[in-house]
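What follows is calculated from the coordinates using simple rules that are stated; it is not laboratory data. Worth saying up front: this structure is predicted, and the values here are computed from it rather than measured. As a convention, Cβ positions derive from the backbone with ideal geometry for all residues, glycine included, and neighbour counts pool all protein chains shown.
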Amino acid sequence: MNADSGTAYFGRRYLLSASHRLHADALTAEENRATYGKCNNPHGHGHNYVVEVMAGGAVDPETGMVVNMAALDEAVRSRVLDRFDHTNLNLDPLFANHVPTTENLSKAIFTLLDGELAPARLTQVRVEETENNFFECTGD
């Protein structure tokens, strides 16, 4: 086996609890209800999200790792968890002009972490909203 060839990937899961209301100012009240259903509740609703972060790169010959797990944990904690955990996503400046759908949350998390995992690169953020709904952002 040639340990210097190919890209290896490392993924880690984190838990995040937050609330949101799906509502677009550009839509009428009726259009919002038709588009977002019960998720348009004026009082909002919450989720216990599972956030998966995937980093890829060369395996460091000294450590045998793609990314230092402690550095990854610190980046996710400081850039994502401290910002979003136990908050109302509608109140975060990142969602001032965007509906805080989980699609947009996954994109926001990718943006916040992109470039923070060097020498590895962020390859994917996956956010599980419910046992049936998940969303992925690859930064493409």
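Descriptive notes on the structure:
- Gain on full extension, evaluated as 0.36 nm per residue between residue 27 and residue 91 minus their Cα-Cα distance, stands at 21.1 nm.
- Entry for mean projected area of the Cα convex hull in nm² (calculated from the structure that is shown) out of (i) 9.6; (ii) 11.6; (iii) 8.1: (i)
- Neighbour-count ranking [beta-carbon atoms within 10 angstrom, fewest first] of 82, 114: 82, 114
- Centre-to-centre separation between the Cα atoms of the range 30-75 and those of the range 91-114: 10 Å.
- Options 57, 7, 40, ranked by Cα towards positive dipole end of the range 1-100, top entry (Cβ charges): 40
- Spin-label model, residue 114 to residue 7: label points 7 Å out along the Cα-to-beta-carbon direction sit 1.4 nm apart.
- Table column - 3J(HN,Hα) (Hz), the range 70-76, Karplus curve with 6.51, -1.76, 1.60, x for Gly and Pro: 5, 5, 4, 4, 5, 4, 5
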